[in-house]
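This report concerns only the one structure given below.
Since every read-out is calculated from the coordinates, none of them should be taken as a lab result. Being a predicted model, the structure only gives us computed values, none of them experimental. Virtual Cβ from ideal backbone geometry, glycine too; neighbours counted across all protein chains shown.
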Amino acid sequence: MKSTPLDESQSDIPPEEVFEILGNEIRMGILRALWEAYDPMSTADAVSFSELYEAVPVSDSGQFNYHLDKLRGRYVEQTDEGYTFRPVGLKLVQSVIAGAGQEGRLEPTDIAVDCERCGGDTRLTYDGGRVYHVCTDCGGHFESAEYPDGTLWGKSFSPAGVAHRSPEELFATLTFLDWPMSARLTGNVCPRCSGVLEQSLAVCYDHESWEAEPCPNCGYSEPIRAHWVCATCKHHATGSVSGVVENHPAVISFLYDHDVDFGYPYSTNDFDTVVENEEIKADIDYDQDLVSTDPLRVRVTVAYDGDELALTLDSDLDVLAVDWSNAGE
Ligand SMILES: [Zn+2]
Ligand SMILES: [Zn+2]
Ligand SMILES: [Zn+2]
């Protein structure tokens, strides 16, 4: 198997250069021919000059040489056996050609999972590269032109991931992936490009808490939200502050003391087990309160079976204090 040298694979590609390659038939033809020959399990997949020249529709060898030369070095490597990818060239092709070859389709499908907000019926939809878990009875957690009505969550997932899973498998897999995803967010690692995320806390001071609809002022069901924006690719993720403390050792320990021991992260993506765990999770209440605005302090109270654990967070979402006095110790 091939190993990718880390120092090389992370080197940056100037965007103008990528657009130039994408817009040029000959350069794309060369990369496509290398991609067709590429075998991750073999080291004998180099393409000879003559094979490459034949694979690309070009009448003039001077033209061909000119464009091959432009790719050589950063994207393509010439060895004794012929031409192969450099790690950056492979990464480019994987994101452009490999992703475009997949078609992920999911008609809105009812799914046997109750709405976490109102207990109503829910379904899964897929649009614009995102899977949405949507309630058919209430307004969900989000109010935005970007999200379908009743959205409980929306998660980016590649067409390839959608194409090869049933709606139940999709729901279980995305729930299963929640923990590593939230760990990446709280570790400020962009799930799209591995860039650095900027983390912030947003408070809606005019929050109108409707029974079953998101607030018309901020667009969310809860007034206090964590936001992450990637400084490199502008990927945006948002979640409740309770999601940030879900993996805190004090919370895991509090729940464990109350016999909730299914574990974070989930150790399986079996649908029935995931749904069962989600039902246990629904019995755990997370309340968020604004303690002070200057400095910004937020308290998250975790309540289960009559006992409570309270955590105080600052604007960087760091846990400053844990209050065990009502935790049933
Ligand atoms: Zn609902
Ligand atoms: Zn609001
Ligand atoms: Zn990013």
Task: Chain lengthening between His235 and Asp261 when straightened (0.36 nm per residue, less Cα-Cα) - done: 6.0 nm
- [ ] No other cysteine beta carbon under 4.7 Å away is the test; run it over the chain and list who passes.
- [x] Cys215
Open item on the list: Taking 8 Å as the Cα distance limit and 6 or more residues as the minimum spacing, I'd like the relative contact order of the chain as a percentage.
Closed with: 10 percent
Open item on the list: How many angstrom lie between the Cα centre of the stretch 282-300 and the Cα centre of the stretch 190-221?
Closed with: 14 Å
Task: Estimated FRET transfer efficiency when R0 is 51 angstrom, pair Ala321-His164 (beta carbons, to 0.05) - done: 0.65
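For Glu208 and Phe19, calculate 0.36 nm times their separation in residues minus their Cα-Cα distance, and state this gained length in nm to one decimal.
63.5 nm
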- [ ] May I ask you to derive the FRET efficiency for Arg72 and Thr268 from their Cβ-Cβ distance with R0 = 51 Å, giving the value to the nearest 0.05?
- [x] 0.60
Open item on the list: Within 14 Å, Cβ to Cβ, of Leu201, how many net charges do the neighbouring residues add up to if Lys/Arg are +1 and Asp/Glu are -1?
Closed with: -4
Task: Taking Glu107, Glu246, Glu51 and counting other C-beta atoms within 10 Å, the order from fewest to most - done: Glu107, Glu51, Glu246
Task: Principal-axis tilt of helix 271-282 within the chain, Cα atoms, nearest 10 degrees - done: 40 degrees
Task: Per-pair calculated FRET efficiency, R0 = 25 Å: Ser156 and Asp314 via Cβ, rounded to 0.05 - done: 0.30
- [ ] Treat each spin label as a single point 7 Å out from the Cα along the C-beta direction, and report the Ser253 to Arg184 distance in nm.
- [x] 3.0 nm
TODO: Provide the net charge surrounding Gly187, with neighbours chosen by a C-beta distance below 14 Å and charges set as Lys +1, Arg +1, Asp -1, Glu -1.
DONE: -2
- [ ] For helix 167-176, report the angle its Cα long axis makes with the longest principal axis of the Cα atoms of the chain; keep it between 0 and 90° and round to the nearest 10°.
- [x] 80 degrees
